[in-house]
Ligand code: GLN
């Protein structure tokens, strides 16, 4: 078995080392004897989008999100929508997650028309939502808890019939109002959780890997890994966030 991974816009969307998620996916595949390759697709570059099984898009600041708009609308938008409708897996973080929606209106009133691949939109607010946070994945994504770090001014609202990735246990998530976090649409996993979220949330990483393998090879059963340190990291951070003893200093 083999997975082809495409890292979209690595040169502009990589806040907090979001790319660590790709390393985590690769390593967990390797530990199971499954090979993978990573192709970086930058502004101005084209590729055959039917070649990839798993796409990764990181987060960025408003400026970077605006910078790539022209490139996105040179045809990549159409190809991304087709890949999503074809059931290919996408992990999208923060700004990359906002890109999946119809638009993002910044706090300054600049409107960025995005992909419209998922029925959601984002509006910039006056205050930022910054902190460590925690959410529980929906049953269709495995139901486990996820610990992460969010930093966004955008408030994301999901259309009717679109499911969130999970439910906020502590923190703000999509908008700080409705208790939703991220989105799960087909095999698109969108989240506000920055930095390498996957190493300390191995259940989420395996869920993402499983969806890509299942699409390519039919049902995918992943061999369990020991995950001693991963679980320790998750549990320690979970306890601290939930008890309010995790400092951002
Ligand atoms: N620019 C977006 C916001 O602030 C995304 C931020 C990010 O990716 N960290 O809402």
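The values are calculated or read from the model by the stated rules, or taken from the named source; none is laboratory data. Predicted model, so just to flag it, every value in this text is computed and none were measured. FYI the Cβ positions are ideal-geometry reconstructions off the backbone, even for glycines, and counts take in every protein chain you see.
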Revision key, fill the gap. Expected single match for outside any loop (DSSP other than H, G, I, E, B), more than 16 Å from the ligand (Cβ to nearest atom) and surrounded by fewer than 17 Cβ atoms within 10 Å (Cβ to Cβ) among 27, 32 is 27
Review point. Counting only residues that are under 24 Å from residue 157 (Cβ atoms) and touching a helix residue (DSSP H, G or I) at 6+ places or on another chain (Cβ under 9 Å), which one in region 69-82 is modelled with the highest pLDDT?
Key: 80
Check your understanding: When you go through (1) touching a residue at least 60 places away in the same chain (Cβ under 8 Å); (2) in contact with a helix residue (DSSP H, G or I) (Cβ under 9 Å, 6 or more places away or on another chain); (3) within 12 Å of the ligand (Cβ to nearest atom); (4) not in a strand (DSSP E or B) one by one for residue 107, which number turns out not to apply?
Key -> (1)
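Would you point out the residue of region 85-98, among those that are outside any helix (DSSP H, G or I), touching a helix residue (DSSP H, G or I) at 6+ places or on another chain (Cβ under 8 Å) and within 16 Å of the ligand (Cβ to nearest atom), that is nearest to residue 156 (Cα to Cα)?
Result: 94.
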Check your understanding: List the pairs whose first member sits in region 142-161 and is more than 23 Å from residue 103 (Cα to Cα) and assigned to a loop (DSSP other than H, G, I, E, B), whose second member is more than 10 Å from the ligand (Cβ to nearest atom) and modelled with pLDDT of 95 or more, and whose Cβ atoms are under 6 Å apart, counting only residues at least 6 apart or on separate chains?
Key -> 142/203; 142/207; 143/137; 144/137; 144/203
Exercise for review: Identify, by number, the condition in (1) farther than 20 Å from residue 182 by Cα; (2) touching a strand residue (DSSP E or B) at 6+ places or on another chain (Cβ under 6 Å) that residue 91 doesn't meet.
Suggested key: (1)
**Study point:** Index of the failed condition, residue 82 passing every other in (1) in contact (Cβ under 8 Å) with a residue 12 or more places away in the chain; (2) part of a loop (DSSP other than H, G, I, E, B); (3) away from the ligand (no atom under 11 Å from the Cβ); (4) loosely packed, with under 15 Cβ neighbours inside 10 Å
**Key:** (2)
Review point. Taking region 42-60 as the search range and keeping residues that are away from the ligand (no atom under 16 Å from the Cβ) and buried (at least 19 other Cβ atoms within 10 Å of the Cβ), which one is nearest to the chain's Cα centre (by Cα)?
Key: 55
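Matching residues to (1) in contact with a strand residue (DSSP E or B) (Cβ under 6 Å, 6 or more places away or on another chain); (2) within 24 Å of residue 59 (Cβ to Cβ); (3) in a strand (DSSP E or B); (4) at pLDDT below 95:
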site: 197; (1), (2), (3), (4): yes, yes, no, no
site: 203; (1), (2), (3), (4): no, yes, no, no
site: 206; (1), (2), (3), (4): no, yes, no, no
site: 212; (1), (2), (3), (4): yes, yes, no, no
site: 225; (1), (2), (3), (4): no, no, no, no
site: 231; (1), (2), (3), (4): no, no, no, no
site: 240; (1), (2), (3), (4): no, yes, no, no
